[in-house]
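The values are calculated or read from the model by the stated rules, or taken from the named source; none is laboratory data. As the structure is a prediction and not an experimental result, all values here were calculated from the model. When we count neighbours, we look across all protein chains shown, and the Cβ atoms used for this are built from the backbone with ideal geometry, even at glycine. Quick note on the areas: whole protein, heavy atoms, side chains included, nothing else; ligands and nucleic acids left out. Shrake-Rupley method; radii C 1.70, N 1.55, O 1.52, S 1.80 Å.
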Amino acid sequence: MTATIQPPRSGNPSSGKPSSGRIAPKYRRSGGSKGNFEMLAWLFMRLSGVVLVVLIFGHLTVNLLVGEGIHAIDFGFVAGKWADPFWQFWDLAMLWLAMLHGTNGVRTIINDYAEKDATRLWLKIVLYAATTVIIVLGTLVIFTFNPCPVANGVQLPGGFCPAP
Amino acid sequence: MPTKPAGTLYRGREGMWSWVGHRITGVVIFFFLLVHVLDTSLVRVSPEAYTAVIGTYKNPLMALGETGLVAAIVFHAFNGLRIIAVDFWKKGAKYQRQMLWTVLGLWVVVMVGFSIRHLSLALGGH
Ligand code: HEM
Ligand code: HEM
C-alpha cells in the first residue's frame, strides 16, 4: 500500500519545482502565475518578525512598565505621544508590519485547515477585508488625530486645547 | 510496506509542540490587534469615550488578561527568533532543541519580571 502525501499548499520557501513525476500536475507550483510570491511571503515573515520584536517590546515597555504603567493611559497620554512624529511613525510601522505579518500567518493557517476551495476562498475574502479596514482605519487615526476635538463649535471635555 | 517511523525530528516532539504554541499565540495576538486598533480609534470619537473604554483595561481581571497576552507575545517573539535562527544560521537545525529550552528559559525570566512590575502597578491602586 502506498500513501500519497500532498505537498503543502503554501509556506514552502523553495522554488517548488517538483523533483519527480509523482506530484499530481494540479499541485505543481512551478511555472504558475504565483511566481515566487510564497518565497517573498516567507522572507517577509522573518524580516517583519525581527523588526516587530523591537517595535512591540518598545510599545509594551513605554505603555505598561514605565512610570505609573497602565494607569497613565488616557486621552492625554495618546495626545502626548502622537504630538511627536517619532511615536507616530513607530505606531504606523507597528500597525502595518503586525497586520501584514498576522494576515499572512492566518492565510497560511486557512490554507492548512480549510479543505474546500470555496471555504478557503470565503475565509480569505473575510480576512483580507478585515485587514484592509483595520490598516486604513489605524493609519487615519494616527494622522488625523486632533488633541482638541470640537463638536458643534464646542470643545469636547477632556481635550487638550490651546488657551484662548 | 511503510513502517511506523521510529521517531522523527518533528512529529510528537518538542518541535511539534513549539509549532502548535507558535500557531495558537499568533492567532490570539492577531485577534487582539483587530480589537486594539478599534479601541484606539475611539480617540477620534471623543476624549471621554476613549478614556472610558481604556478605563476597562485597568481592572484586576484585565490585568491578568494583559499578562496572558504579554505571555503569548513574548513566547511568539522568542520562538519566532528561534525559527529564524533555524532557517538562517548554519548550525540552527542542529541546535534547535537547545534553542527551544533557551526560549522557554528566557520566557520564564521575562514573564516573572513583567508580572511583578505590571501586576503591582495595575493592582496596586493609583
Ligand atoms: C496590554 C497591552 C497594550 C496596551 C496597554 C497598549 C496601549 C496602546 C495605546 C495607549 C495606544 C495609543 C498610542 C500609543 O500609545 O502609542 C496603542 C496603539 C497601538 N498599539 Fe498598543 N497596547 C498594548 C499592546 C499592543 C500589542 C501587543 C500590539 C501589537 C501586536 C499593539 C499595537 C498597537 C498599534 C498598531 C497601535 C496604533 C493603533 C492605531 O494606528 O490606531 N499594542 N496601544
Ligand atoms: C514579536 C515579534 C514576532 C516575531 C519574531 C514573529 C515571528 C514569526 C515567524 C518566524 C513565523 C513563522 C513563519 C513561517 O513559518 O513561515 C511567524 C508566524 C506567525 N505569526 Fe509571528 N512574529 C511576531 C509577531 C507576530 C504578531 C504581532 C502577530 C499577530 C498580529 C503574529 C502572528 C503570526 C501568525 C498568525 C503566524 C502563523 C503561524 C503558523 O503558520 O503556524 N506574529 N511569526
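Computed quantities for the displayed model
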| quantity | calculated |
| --- | --- |
| Unmet criterion (only one of (1) within 22 Å of B:Arg44 (Cα to Cα); (2) open to solvent by less than 60 Å² (accessible area, probe 1.4 Å)) for A:Lys124 | (1) |
| Test: residue in the range B:8-27 that is open to solvent by 50 Å² or more (accessible area, probe 1.4 Å), at pLDDT 95 or above and either within 16 Å of ligand 1 (Cβ to nearest atom) or not polar (S, T, N, Q) (or both) | yes |
| Any hit, the range B:39-55, residues being modelled with pLDDT of 90 or more and either under 21 Å from A:Asp112 (Cβ atoms) or within 15 Å of ligand 2 (Cβ to nearest atom) (or both) | yes |
| Residue match in the range A:49-69 (condition: in contact with a Leu (Cβ under 6 Å, 6 or more places away or on another chain), at pLDDT below 95 and within 11 Å of chain B (Cβ to nearest Cβ)) | yes |
| Matching residues, the range B:66-83, being under 8 Å from the mean Cα position of the chain (by Cα), near ligand 2 (Cβ under 8 Å from one of its atoms) and of a type in the set (Gly, Ala, Ser) | B:Ala77 |
| Positions within the range B:105-126 being over 18 Å from A:Val62 (Cα atoms) and surrounded by 14 or more Cβ atoms within 10 Å (Cβ to Cβ), in sequence order | B:Leu106, B:Trp107 |
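Conditions tested, residue by residue: (1) modelled with pLDDT under 95; (2) open to solvent by 70 Å² or more (accessible area, probe 1.4 Å); (3) within 16 Å of ligand 2 (Cβ to nearest atom); (4) in contact with a strand residue (DSSP E or B) (Cβ under 8 Å, 6 or more places away or on another chain).
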{"position": "A:Pro13", "(1), (2), (3), (4)": "yes, no, yes, no"}
{"position": "A:Ser19", "(1), (2), (3), (4)": "yes, yes, no, no"}
{"position": "A:Arg22", "(1), (2), (3), (4)": "yes, yes, no, no"}
{"position": "A:Met39", "(1), (2), (3), (4)": "yes, yes, yes, no"}
{"position": "A:Leu47", "(1), (2), (3), (4)": "no, yes, yes, no"}
